[in-house]
Amino acid sequence: MVAITRDLSSKSNTEKILYYIGLPLAMVVLMAIYSMPTPEGITFEGKMSLGIFFFALILWITESLPNYATSMLAIALLSVFGGWAEADALGTLGYGVIWLMVSAFIITSGMEKSGLAKRIALAIITRFGKTWKSILMSLMAANFTIAFIIPSTTARAAMLLPIVLLVAKAYGVEKGNGNLGKLLAIQGLQANNISTSAIVTATAPQILAIGLLKEFTGTEVSWGEWFIASAPIAVLTLVASFFIGLILFKPKASQEGGDELQQIQKQYDELGDVTTNEKKAAGIFLLTIGLWATDKWHLDMFGFQFSLVMVAIISASLFFMPYVGILNWKESKIPWNLMIFAAGAYAAGVSLSETGVASWALSGLFSNLGVQDMSFSMLYGVVIAISSFSHFVFTSKTVRTIILIPTLVGLAETAGVSPLMLALPAAFTIADTITLPPHSKANLVYYSTGYFSVNNQLLYGILTLMAKWCILFAASFTWFAFLGIV
């Protein structure tokens, strides 16, 4: 009871209201969907999957229950109400994403123990971090740069997380500068996902998108064409995200410059020469990055394929090996509550796809909008908005790509416009999963810091996506028109 009181005392009045109404509201919504007739086009299982998804979403947003408790309830309710088979719902705890996160936290623990992460973080701060603003910008730049060579948002998040944590500690996030913690974590996940949109090889679903475009339209979009079209959008969105963050969560001015930076420089100088443990950690980490970056050439190089998850598991295992490793199991800081949260989030999201309700909802939405009677500008604006925010329904970028691209190609043909005019700009939003923690594995990595709430991310994410929508809409008259896309 004391812990609950302390948690409530730190909430705003709005957050307290949401806290108290969340559970009753979630139960009412679930019972309303359970009681209503099954809509035409979906099964009873699909209807219940949708109801449980909204039940969990309300609780995650209002934080009436701990997020891991909500996820456990979601898994149980999917089985009890018939939204998804029990074995499938329980099986999400064995998904590759869970193993990937476990491995990522072991790698992070090894990096922290070795001191290498601290050395890297302090080197970045002392070189570029003249103020907290320059640190935020340098971390954004780092996200954009490594997106060229590491084709995984989760791998990049795992790589930068130790640096973010050390920067946060150096600038007193846990001693009252909470807004800087929010910016470091939320801008970290936003920069990760937004940077991804600039480089087609930065995530597999974008590669799938250009494959589908070629299959359905006969038009082949090259790596360079994607980059030229999308990179300016991504950079402008990053800039918008930076300023939106400063408006929402301006850190304490007392934390910039002065004694703090001198203390950081002193910490860096005191590290001295690189230690043996740092060299071991660097070797494992370079191996990890090398295997992640060369993913598509594994068959040619080795004769077999290392998946992203397998690379992470092997690298994590190396940290426990005699002579090579530097960790024991008790030193691995794995947030198991986050693993349970992720498992439930994936169960609630994947069940929507497995039962067909996700594609049903998207098709119905486009149909009811009456797109045939819209002008191109209106149609384009609606399509980009729906594509950008469709991650609320599709937790998987791959599933969203498979459904969105063919649907938009058909929609364009119905509206009498070139399919590329709608499908390619929409493809630039595939990685924009920045509004809720379950929407991206990278989001969950940053959410594990505890520096921001679900509501913080939701507000920040929606405003950033609205800014990107404006940028994409303006591009339809300018940059995309110049390139001949629209």
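The values are calculated or read from the model by the stated rules, or taken from the named source; none is laboratory data. Quantities reported herein were computed from a predicted structural model and do not represent experimental measurements. Cβ sites come from the backbone with ideal geometry, for glycine too, and all protein chains shown count toward neighbours. Only protein heavy atoms, including side chains, enter the accessible area calculation; ligands, DNA and RNA are left aside. Shrake-Rupley method; radii C 1.70, N 1.55, O 1.52, S 1.80 Å.
Please state the relative contact order of the chain as a whole percent: Cα pairs under 8 Å, 6+ residues apart?
Taking the mean separation of contacting Cα pairs over the length of the chain, I get 23 percent.
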So for R0 = 30 Å, FRET eff. of Leu299-Glu413 from the Cβ-Cβ r, to 0.05, ends up at 0.20
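Please list 188-194, 340-346 highest first by mean number of surrounding beta-carbon atoms within 10 Å per residue.
Descending packing order for the listed peptides: 188-194, 340-346.
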Output ordering of 422-433, 24-35, 275-286, 70-81 (per-residue mean of other Cβ within 10 Å, highest first) is 422-433, 70-81, 275-286, 24-35
Report the gain in length on full extension from Thr126 to Ile247: 0.36 nm times residue separation, minus Cα-Cα distance, nm rounded to one decimal.
41.0 nm
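For the stretch 193-249, what number results from the quotient of the Cα radius of gyration and 2.2 N^0.38 Å? Could you put the intermediate results ahead of the total?
Working: Rg = 14.0 Å, N = 57, 2.2 N^0.38 = 10.2 Å.
Cα Rg divided by the expected 2.2 N^0.38 Å: 1.37.
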Roughly how many nanometres apart are two label points built 7 Å out from the Cα toward the Cβ at Glu215 and Leu287?
3.7
List the pairs from Lys47/Lys441; Lys133/Lys182; Lys130/Lys169; Lys16/Lys47 whose alpha-carbon separation is above 24 Å, in the order I gave them.
Lys47/Lys441; Lys16/Lys47
Between (i) 180; (ii) 165; (iii) 154, which entry matches volume of the Cα convex hull per residue in Å³ as derived from the coordinates of this structure?
(ii)
Ser307 accessible area, assembled protein chains, probe 1.4 Å, Å²:
50
Report the label-to-label distance for Ala474 and Ala85 in nanometres (one decimal), using points 7 Å from each Cα along the Cα→Cβ vector.
5.1
FRET efficiency (Phe227, Leu459; Cβ distance; R0 41 Å; to 0.05) is 0.85
Heavy-atom accessible area order for Ile106, Ile210, largest first, 1.4 Å probe
Ile210, Ile106
Take peptides 177-183, 332-338, 137-143 and line them up by average Cβ neighbours within 10 Å, highest first, as a rough protection proxy.
177-183, 137-143, 332-338
Label model pair Phe392, Tyr268: point-to-point distance (7 angstrom along the Cα→beta-carbon line) in nm is 4.3
